[in-house]
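Visitor: Sharing a structure with you now.
The values are calculated or read from the model by the stated rules, or taken from the named source; none is laboratory data. Owing to the predicted nature of the structure, the values given are computational and were not obtained by experimental measurement. Quick reminder, even Gly has a Cβ in these numbers, built from the backbone with ideal geometry, and neighbours come from all protein chains shown. Protein only, heavy atoms only, side chains kept; ligands, DNA and RNA dropped before computing areas. Shrake-Rupley method; radii C 1.70, N 1.55, O 1.52, S 1.80 Å.
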Amino acid sequence: MRIEWLNRENTDRVIVFFNGWGMDSRTVQHLKGEYDILEINDYRQLNTEILPELTSYREVNVVAWSMGVWGAANILPVWGIACTRLIALNGTEHPVNDSWGIPDKIYQLTEKGMNAAGREKFIRRMFADEEERKRFSANKPQREVEEVGEELTAIRLQANELQNSLTWDKVYISSGDVIFSPTNQLAWWDNRAKKIVILDGGHYPFYHFENWAQIWEL
């Protein structure tokens, strides 16, 4: 698990961003805002012993995307941090699940095909729009293929054991998501989230927003 400060200006507000599988900080470079920003990626091992210094912040806003939703649900309770907001986008707390996540057979086929071409195929499938797909090409993650393949397997194995749930303030579901199907997302979040918002587009939702605050204000 990697924890990286993307911005640290000693403000009194922080965003803790739980990134998706295979991603890095380049994923959300376009988002603006006067916040300290802590980004978390690489879920090969959920190292909950690494506790970032967050107690000094007046606001702790958690934004979790895709596999990061599961990561946040199983890391935050151990950290014991009081969160101001919990926002989930296109993910569930059961990431490998026939009814609530990615069906097991499909997930394991993705594992077996995880090479350079397989990763490119996955990234293409994150978008329903060719313009967004081209825009993201300048922000593709730079992580090694072998590493993200290991992460994919590790998430599946850990998700069988780590199944904690949180009460999320807002959940976004993209209607054209072909990674986490909207049907499975809705099946999980029904009566489990305070608010559900349906977006257009594919699995990557962040081009709907120009700055971080819009994620919880819209």
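Visitor: Starting from the 7 Å offset along Cα-to-Cβ, what nm value, one decimal, do you get for the label separation of GLN214 and ASP190?
Guide: Output for this residue pair reads 3.1 nm.
Visitor: A further question follows. With no solvent and one equal point scatterer per Cα, compute the Debye intensity ratio I(q)/I(0) for the chain at 0.12 Å⁻¹ and report its log10, rounded to two decimals.
Guide: -0.58
Visitor: Take THR48 and LYS105, extend 7 Å from each Cα along the Cα→Cβ direction, and tell me the distance between the two endpoints in nm.
Guide: 3.4 nm
Visitor: Please go through the residue pairs LYS105/LYS195; LYS112/LYS194; LYS32/LYS140; LYS32/LYS195; LYS134/LYS195 and name each one whose alpha carbons sit more than 27 Å apart in this structure.
Guide: Details: LYS105/LYS195 30 Å; LYS112/LYS194 37 Å; LYS32/LYS140 18 Å; LYS32/LYS195 24 Å; LYS134/LYS195 31 Å.
Among LYS105/LYS195; LYS112/LYS194; LYS32/LYS140; LYS32/LYS195; LYS134/LYS195, the Cα-Cα distance tops 27 Å for LYS105/LYS195; LYS112/LYS194; LYS134/LYS195.
Visitor: For the chain, give the percent of accessible area contributed by carbon and sulfur heavy atoms, probe 1.4 Å, rounded to a whole number.
Guide: The nonpolar share, carbon plus sulfur, comes to 45 percent.
Visitor: Semi-axes of the equivalent ellipsoid of region 104-218: what are they in whole Å, largest first, if each equals the square root of 5 times a C-alpha gyration tensor eigenvalue?
Guide: Working from the Cα gyration tensor, I get semi-axes of 24, 21, 13 Å.
Visitor: On a full-extension model of 0.36 nm per residue, what is the gain between ARG85 and GLU130, subtracting their alpha-carbon distance, rounded to one decimal in nm?
Guide: Gain on extension, ARG85 to GLU130, equals 13.0 nm.
Visitor: Using mean Cβ contacts within 10 Å as the protection proxy, how do 35-42, 112-119, 93-100 order, highest first? Spell out each step's value before the answer.
Guide: Details: 35-42: 22.1, 112-119: 14.1, 93-100: 19.1.
Top of the packing list down: 35-42, 93-100, 112-119.
Visitor: Count charges around ARG2 for me, please; just the other residues with Cβ under 9 Å from its Cβ, Lys/Arg as +1, Asp/Glu as -1.
Guide: Summing Lys and Arg as +1 and Asp and Glu as -1 gives -4.
Visitor: In a Debye calculation with equal point scatterers on the alpha-carbon sites of region 157-217 and no solvent, what is log10 I(q)/I(0) at q = 0.12, 0.13, 0.19 Å⁻¹?
Guide: Here the Debye-derived log intensity ratios amount to -0.35, -0.40, -0.82.
Visitor: In a GNM of the chain with a 10 Å cut-off on Cα contacts, which of GLN29, GLN163, GLN108 has the highest mean-square fluctuation?
Guide: GLN29
Visitor: Not counting ligands, DNA or RNA, and with a 1.4 Å probe, what is LYS105's accessible surface area in Å² rounded to the nearest 10?
Guide: 150 Å²
Visitor: Share of antiparallel DSSP beta bridges in region 1-88, in percent to the nearest 5?
Guide: The antiparallel proportion sits near 25 percent.
Visitor: Out of all DSSP beta bridges with both ends in region 1-149, state the antiparallel percent to the nearest 5. Numbers along the way, then the final one.
Guide: On the way: 5 of 22 bridges.
Percentage antiparallel, nearest 5: 25.
Visitor: Just the number please: accessible area per residue for the chain, 1.4 Å probe, all protein chains included, in Å².
Guide: 46 Å²
Visitor: Now for a different question. Which whole-Hz couplings ³J(HN,Hα) result when phi for each residue of region 203-218 is put into the Karplus expression 6.51 cos²θ - 1.76 cosθ + 1.60, θ = phi - 60°, listed in order with x for Gly and Pro?
Guide: 5, 7, x, 7, 6, 6, 10, 9, 9, 5, 4, 4, 4, 9, 8, 6
Visitor: Here's a follow-up. When all protein chains stay in place, what accessible area (Å², nearest 10, 1.4 Å probe) is found for HIS208?
Guide: Rounded to the nearest 10, the figure is 80 Å².
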